[in-house]
Amino acid sequence: MAEALELTATSNPYLDFYRKFVHEHPGELTAVFDPELSDEARSEMYAALDVSVAMKYSWAIPDERALQIIKHYGPIVEMGAGSGYWARLLQLRGVDVVAYDLHVAGDDDEETKEEESDEKENGKAATSGEESHGDAEETQESDGEEADEEPDEEEEVEEEEEEEDEEEVEVEQVYWTEVLKGTPKDLRKHADRALFLCYPDDFEDSHESMAMASLCNYAGDTVIHVGELFGHTLCLPGAWGRTSSEEFQTHLATVYHKVLQVPLPSWHSSMDTLTVWKRTKSSITDGGMYAFIPDEERIDLVAASPSTRHLLLLGNSEAEPISATKSKKRRRGKNKAKNALAEDAEASEQSDNDGSKAQSSQNEQSESKRKKPGKQAKRS
């Protein structure tokens with residue numbers, strides 16, 4: 001808890017750790033899965049990442065832009081807050097956050113007490129069984145003593161290996177802020193808050209999707225998701241990623257529409273983004289249901305990789321990226337309007353000048369006519 005108290009409104013030790021790792025291992029996060037690498041080189045790269053750091057903070061890495069985006073949509077209710085690292089950083093930046101998780105601080109102590117209680121009960125039962133069936137057990141043990149020796153040794157070896165594996169990833173759990181014990185049903189009380197889901201599904205406690213249950217119990221208008229989504233994943237063969245279920249993503253895209261997407265710093269096996277979703281209104285026309293998405297909430301559909309970005313110039317006579325033309329079109333529109341006004345003014349001025357010239361010409365002709373009869377009279 002001491003580390004949590006040391007956090008400030010500008011600190012982010014997890015992001016600092018990530019940046020240091022990237023600096024010390026340049027290019028390795030993207031190169032680790034290159035099939036041209038040798039198995040030894042790949043194993044060495046993969047082992048360089050300490051998984052315990054993700055367990056200490058969170059699997060997704062927050063940067064300042066992501067935190068400020070979430071702040072914009074506050075107040076927030078988070079389901080599946082884990083250690084509370086994201087929630088604490090948001091609180092330090094002035095965000096009102098209510099954080100829930102199925103497992104919270106103090107659960108380990110309760111589990112330990114339950115295990116000790118179970119062991120005592122099992123011990124009593126075993127003692128009672130030994131007293132009542134001692135003779136029978138001795139007979140069975142003597143008959144099958146040789147046959148049981150090898151399996152017992154194998155079981156002991158397997159148990160030792162399992163314990164060693166557990167010890168390798170065991171870390172002291174740090175809770176960065178108060179996380180309330182709760183389930184998706186608690187979201188019914190928070191329709192006035194934006195729902196924040198960060199790596200919501202791990203399927204460790206249940207095969208059911210907590211993210212899906214959260215959507216079904218949430219009646220608010222805004223969902224903020226952090227993690228992988230369809231098509232943004234490196235984990236094959238599925239295309240839905242490892243952070244939320246297929247059914248959740250389908251339901252999310254049906255009931256809500258995406259209004260914002262930004263990339264997040266990611267470890268070697270992830271392609272994390274922060275996305276913001278607004279609840280969609282709909283109408284029925286000619287027997288079909290259609291979503292109504294206002295123009296100001298329609299996300300930019302232009303997307304290109306560095307290798308294809310130059311193609312955005314094709315078909316554009318002014319040779320500028322499509323994404324850059326939108327704002328410039330507005331400026332050109334304003335300039336055209338100004339030019340049109342100037343042309344109208346010039347045309348009007350020219351028209352006035354032409355009118356004045358015409359009037360002057362008429363006056364001269366009239367004056368000439370009046371003078372001609374006098375001249376003729378003199379001649380006569």
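Count of region 221-241 residues, restricted to those that are in a loop (DSSP other than H, G, I, E, B) and either more than 11 Å from SER270 (Cβ to Cβ) or out of contact with any His (no Cβ under 9 Å at 6 or more places or on another chain) (or both), is 13.
Among the residues of region 70-107, count how many are part of a loop (DSSP other than H, G, I, E, B) and touching a Cys at 6+ places or on another chain (Cβ under 9 Å). Full working, then the answer.
Going through region 70-107, the residues part of a loop (DSSP other than H, G, I, E, B) turn out to be 73-75, 80-84, 93-96, 102-106.
Those left that are additionally touching a Cys at 6+ places or on another chain (Cβ under 9 Å): 80-82.
Number of matching residues: 3.
Per-residue answers, yes or no, for (1) free of Cβ contacts under 8 Å to residues at least 60 places away in the same chain; (2) under 24 Å from the mean Cα position of the chain (by Cα); (3) in the same structural domain as THR275 (by TED's automatic domain parsing); (4) buried (at least 17 other Cβ atoms within 10 Å of the Cβ):
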{"position": "THR8", "(1), (2), (3), (4)": "no, yes, yes, no"}
{"position": "ASN12", "(1), (2), (3), (4)": "no, yes, yes, yes"}
{"position": "TYR18", "(1), (2), (3), (4)": "no, yes, yes, yes"}
{"position": "GLU28", "(1), (2), (3), (4)": "no, yes, yes, yes"}
{"position": "VAL32", "(1), (2), (3), (4)": "no, yes, yes, yes"}
{"position": "LEU37", "(1), (2), (3), (4)": "yes, no, yes, no"}
{"position": "ALA48", "(1), (2), (3), (4)": "yes, no, yes, no"}
{"position": "ALA60", "(1), (2), (3), (4)": "no, yes, yes, yes"}
{"position": "ALA66", "(1), (2), (3), (4)": "no, yes, yes, yes"}
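Please work out if SER282 is part of a loop (DSSP other than H, G, I, E, B) and on the phi < 0 side of the Ramachandran plot.
On the way: part of a loop (DSSP other than H, G, I, E, B): no; on the phi < 0 side of the Ramachandran plot: yes.
Answer is no for this residue.
Being modelled with pLDDT of 95 or more, in the same structural domain as TYR18 (by TED's automatic domain parsing), more than 28 Å from ARG188 (Cβ to Cβ) and surrounded by 12 or more Cβ atoms within 10 Å (Cβ to Cβ) is not true of ASP96.
Taken as a whole, region 242-257 holds no residue that is in contact (Cβ under 8 Å) with a residue 24 or more places away in the chain, at positive phi and assigned to a strand (DSSP E or B).
The values are calculated or read from the model by the stated rules, or taken from the named source; none is laboratory data. Everything numeric here is computed off the predicted structure, so don't read it as measured data. Please note: Cβ atoms are built from the backbone with ideal geometry, for glycine as well, and neighbour counts cover all protein chains shown.
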